[in-house]
Amino acid sequence: MNPRMPAEVFPPGEFLREELEAREWSQQELADILDRPPRLINEIISGKRAVTPETARGLGEAFGTSAEYWMNLESQYQLSKVRPVNDHVARKASLYSKFPVREMLRRGWVRASENIDVLEQRFCEFFDIPDLTADPALSHAAKKTHATLDATPLQLAWLFRVKTMAGQQKLPPYSDKKLVEAIDRLKVLLLAPEESRHVPRILAEAGVRLVFVEPMVGSKLDGACFWLSDDKPVIGMTLRFDRIDNFWFVLRHELEHVLRGDGKSTAVIDNDIGEAKDGLPDCEVIANEAGANFCVPAHQLNDFVARVQPYFSEQKVLNFAQRIKVHPGLVVGQLQRKLGRHDFLRKHQVKVRSNVISSADADGWGSFSE
């Protein structure tokens, strides 16, 4: 609660004058009592001198009050003399506590303004809220919203940036059938890193809005699935791990959410996708299995492991990848998870980000969109 401030504040000298009059003491008499010069008393009464801690203690003893009483009178008076300030500082503090303001301004997601009213309005527009007392929510259908209660402020800002970019895309109608066909087309791209550039176009033809937005530091976010309406799915990806296996695994994971209709009631926010954790929701377990099987079919991977373990030579891995027609990095990624060896043949986990974002709706990585 804000402390109550009196409508009018008087200098401590006024209260000192009243105390002297009540006791019928002169300034000289009080000076004698305090063993201080008369000029000190006169200057306090006239408001020319402030009450110091030493003087406050003496006045308290002389009048039977506390030293704090006189120091509080002095503090309130001094504060009252300061030019009243507006509430800009409090409002900016509230804005910064609610959203990652500095980073959003840096990225150009919200234009800066010295006018706090304008700045607040721009953040309200970005998060599609009437005012700052409302909590941002992601809508999946007209007149129906679901709060993203599990999202951190960093993730929430990222999600709304994805939503804004996805809402500008003009795509044909979505259908599960078209997406299944698109996934079959994606499978032939697994052999070469540069082929990932075709992904945005293939998914767009299936009615899936794919957006890449650089993650905010500390957001720990891989991707998300939500719907602009019941027939407009959106997939957002951060590409925070620039590796061919991570890209395809996360993408197929999110596509499984779309096929299942996940994210229609509330956004599915995925971080640390594929990490072994107890108590994962069924939808996450299923999506993880879809991602892994897309990269390397489980039965083929298990058969390979059974035949060659514990001697996983590089050449055997390369031959296996060639036989199943995928890039070696995808096999390496699955083997790392299965064997718990994240340093295993890492050189084959090549980068794909530059290939992907060259033909995609992307924001970040040194060049933020307006």
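The values are calculated or read from the model by the stated rules, or taken from the named source; none is laboratory data. Note that this is a predicted model, so its numbers are computed, not measured. Cβ coordinates were reconstructed from backbone atoms using ideal geometry, including for glycine residues, and neighbour counts include every protein chain displayed.
Laid out as a table, the results:
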quantity: Hey, VAL350 more than 21 Å from GLY236 (Cβ to Cβ) and part of a loop (DSSP other than H, G, I, E, B) or not; calculated: yes
quantity: Any hit, region 79-95, residues being surrounded by 15 or more Cβ atoms within 10 Å (Cβ to Cβ), closer than 30 Å to THR152 by Cα and at pLDDT 90 or above; calculated: yes
quantity: Residue check, GLN322 farther than 27 Å from PHE226 by Cα, in contact with a Phe, Trp or Tyr (Cβ under 6 Å, 6 or more places away or on another chain) and either not polar (S, T, N, Q) or not assigned by TED's automatic domain parsing to the domain that holds VAL110 (or both); calculated: no
quantity: Near pairs, Cβ below 6 angstrom, 6+ apart or cross-chain, from region 349-367 (touching a residue at least 40 places away in the same chain (Cβ under 8 Å)) to any residue that is surrounded by fewer than 18 Cβ atoms within 10 Å (Cβ to Cβ); calculated: LYS351/ASP242; ARG353/ASP242; ASN355/GLU194; ASN355/ARG197; SER358/ARG197; SER359/ARG197; ASP363/SER369
quantity: Residue within region 217-230 that is closer than 22 Å to GLY329 by Cβ, at pLDDT below 95 and touching a Gly at 6+ places or on another chain (Cβ under 8 Å) present; calculated: yes
quantity: Scan of region 67-125 for residues that are of a type in the set (S, T, N, Q) and either assigned to a loop (DSSP other than H, G, I, E, B) or in contact with a His (Cβ under 7 Å, 6 or more places away or on another chain) (or both), ordered by number; calculated: ASN86, SER113, ASN115
quantity: Verdict on SER139 being over 14 Å from the mean Cα position of the chain (by Cα), outside any helix (DSSP H, G or I) and modelled with pLDDT under 90; calculated: yes
quantity: Yes/no for GLY279 being on the phi > 0 side of the Ramachandran plot and within 23 Å of the chain's Cα centre (by Cα); calculated: no
quantity: Restricting region 298-344 to residues that are charged (D, E, K, R) and touching a residue at least 24 places away in the same chain (Cβ under 8 Å), the residue that is surrounded by the most Cβ atoms within 10 Å (Cβ to Cβ); calculated: ARG337
